[in-house]
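Asker: Mind having a look at this structure? Questions to follow.
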């Protein structure tokens with residue numbers, strides 16, 4: 001709730017209405033009480049004056065024209081209960097019902113006497129100098145040279161006035177209480193719709209846009225509530241649209257392979273997708289907390305120059321390469337940083353460069369041999385027929401070697417491109433077929449080739465590619481096994497398809513085991529040239545195994561043979 005400058009909460013509308021109405025009502029009632037009090041006081045005194053004038057006339061009629069006025073005045077005063085004073089026109093007191101006239105001062109200057117001398121009924125209220133109490137005086141105009149004045153103490157008037165004031169005060173208090181109660185009920189009735197609207201608006205302000213604002217009360221309040229409801233609906237529609245846009249934006253940015261980070265003018269992160277967190281290894285809260293100085297400089301440069309900048313970085317402790325670009329958004333000082341993982345692309349570029357270099361080298365050797373043999377045959381064709389025959393045989397070997405390299409390269413290209421139709425293949429049958437095809441070659445080299453595959457082993461994949469895998473493994477084992485050795489093949493299907501090719505060949509040195517599946521890599525290059533090996537067979541085996549969701553591994557010791565193990569998922 002908002003607070004005033006003094007720190008205290010502001011008064012409610014009901015409280016303010018009650019306060020001002022109470023002040024107004026109490027002010028009106030107080031004014032009415034004061035006016036009524038004055039009117040009643042004036043009325044009582046006037047009534048008293050009229051009564052005293054009548055009594056004064058009666059006294060004047062009852063007094064004798066001569067004789068002992070003092071005795072008569074005292075008798076009449078006691079009889080009617082008023083103070084009677086007889087004053088001569090020159091102000092000398094002739095008689096007084098309550099005091100010795102000889103001791104009384106001249107009364108010519110008294111206000112009521114002055115008015116009586118002017119021919120009017122003189123009235124006055126004051127404290128008596130003789131007796132010491134307040135009186136209401138009424139003096140008749142002179143008759144027979146005498147002024148009759150009667151007086152009555154104001155104590156009785158004020159006593160009656162106090163009683164009336166008490167009754168008036170009680171009445172005014174009752175009226176004020178009733179008025180305040182009525183004002184409270186009216187104020188609450190008037191402000192109830194406003195309180196309901198205020199509560200609903202507060203809930204809307206807290207984010208509950210489904211709250212319906214009640215449209216009751218007076219016409220003005222109903223119109224206000226209707227307007228607020230329309231505004232609430234518009235805000236809710238805009239919030240929904242913003243949420244949908246934000247959801248769509250987050251979904252789009254989250255599905256990107258690129259990491260996206262948006263920095264504000266103060267360097268704090270305004271947005272970052274999950275990919276950015278994964279690439280950086282942490283959340284980028286602000287530019288200054290970047291672990292990479294290159295990225296900090298990149299964002300700073302983009303902010304200062306306003307033009308896109310790029311950099312390629314290698315995050316510390318991570319075997320990856322990131323390509324980062326930063327651009328300053330126009331107008332508001334924000335900077336957008338985009339991160340792209342180019343590790344695989346750089347590796348592919350390196351592999352391609354190596355492949356091109358290796359392929360060029362491998363193709364250059366047989367091509368040069370073919371050219372040299374052709375030139376030699378052309379120069380010695382008529383002089384040495386035996387040499388021509390020997391050169392022809394060598395030429396045929398080089399052509400076969402060249403053809404094998406090209407065939408293996410085409411197989412690798414096809415494996416990387418995919419597109420072969422998959423179906424269920426019996427791996428045990430496939431191994432038996434390839435072993436039967438290569439057994440004559442093994443026998444010619446003095447090798448024993450045995451296959452153990454008595455149980456069916458179904459896998460799902462390309463029969464052509466799986467046959468290529470088995471063929472290359474068997475050819476590799478035959479190629480690197482000396483005469484008198486053996487090649488044993490085992491096929492089983494307990495939970496997964498398992499193909500084991502074990503030979504008693506020359507084995508593989510420890511330093512070369514991790515690289516034998518690389519393209520064109522040979523452990524013994526001289527033997528490969530003798531046997532026509534291309535250096536691509538095991539690379540083809542690895543590609544086929546991985547394409548079918550499997551793996552290939554090797555166990556070998558130099559001079560103790562090698563064992564290749566291929567694992568493939570069974571067909572379900």
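Yes/no matrix, rows are residues, columns are (1) out of contact with any strand residue (DSSP E or B) (no Cβ under 8 Å at 6 or more places or on another chain); (2) within 30 Å of residue 19 (Cα to Cα); (3) surrounded by 13 or more Cβ atoms within 10 Å (Cβ to Cβ); (4) at pLDDT 85 or above:
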{"position": "146", "(1), (2), (3), (4)": "no, no, yes, yes"}
{"position": "171", "(1), (2), (3), (4)": "yes, yes, yes, no"}
{"position": "175", "(1), (2), (3), (4)": "yes, yes, yes, no"}
{"position": "178", "(1), (2), (3), (4)": "yes, yes, no, no"}
{"position": "181", "(1), (2), (3), (4)": "yes, yes, no, no"}
{"position": "192", "(1), (2), (3), (4)": "yes, yes, yes, no"}
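Asker: Mind checking whether some residue in segment 262-274 is closer than 28 Å to residue 319 by Cβ, in the same structural domain as residue 304 (by TED's automatic domain parsing) and assigned to a loop (DSSP other than H, G, I, E, B)?
Answerer: The answer is yes; a qualifying residue exists.
Asker: Mind listing just one residue for me: the one in segment 206-222 that is outside any loop (DSSP other than H, G, I, E, B) and surrounded by 11 or more Cβ atoms within 10 Å (Cβ to Cβ) and, of those, modelled with the highest pLDDT?
Answerer: The extreme case among them is 222.
Asker: Give segment 549-572 a look and list any residue that's within 53 Å of the chain's Cα centre (by Cα), at pLDDT 85 or above and part of a loop (DSSP other than H, G, I, E, B), or say none.
Answerer: 549, 550, 569
Asker: Oh, and also: Residue 310 - would you say it is surrounded by 17 or more Cβ atoms within 10 Å (Cβ to Cβ), modelled with pLDDT of 75 or more and over 22 Å from the mean Cα position of the chain (by Cα)?
Answerer: No: the conditions fail for residue 310.
Asker: Same structure, new question: Given the residues 475, 479, 433, which is the only one that is under 24 Å from residue 571 (Cβ atoms), more than 60 Å from the chain's Cα centre (by Cα) and either at pLDDT 90 or above or in the same structural domain as residue 541 (by TED's automatic domain parsing) (or both)?
Answerer: That would be 433, the only listed residue that is under 24 Å from residue 571 (Cβ atoms), more than 60 Å from the chain's Cα centre (by Cα) and either at pLDDT 90 or above or in the same structural domain as residue 541 (by TED's automatic domain parsing) (or both).
Asker: Moving on to the next point. In segment 250-276, which residue that is over 19 Å from residue 334 (Cβ atoms) and in contact with a strand residue (DSSP E or B) (Cβ under 8 Å, 6 or more places away or on another chain) is modelled with the highest pLDDT?
Answerer: If we take residues in segment 250-276 being over 19 Å from residue 334 (Cβ atoms) and in contact with a strand residue (DSSP E or B) (Cβ under 8 Å, 6 or more places away or on another chain), then 275 is modelled with the highest pLDDT.
The values are calculated or read from the model by the stated rules, or taken from the named source; none is laboratory data. Here the structure is a predicted model, which means the values were calculated and not measured. So basically every Cβ, Gly included, is an ideal-geometry build from the backbone, and we count neighbours across all protein chains shown.
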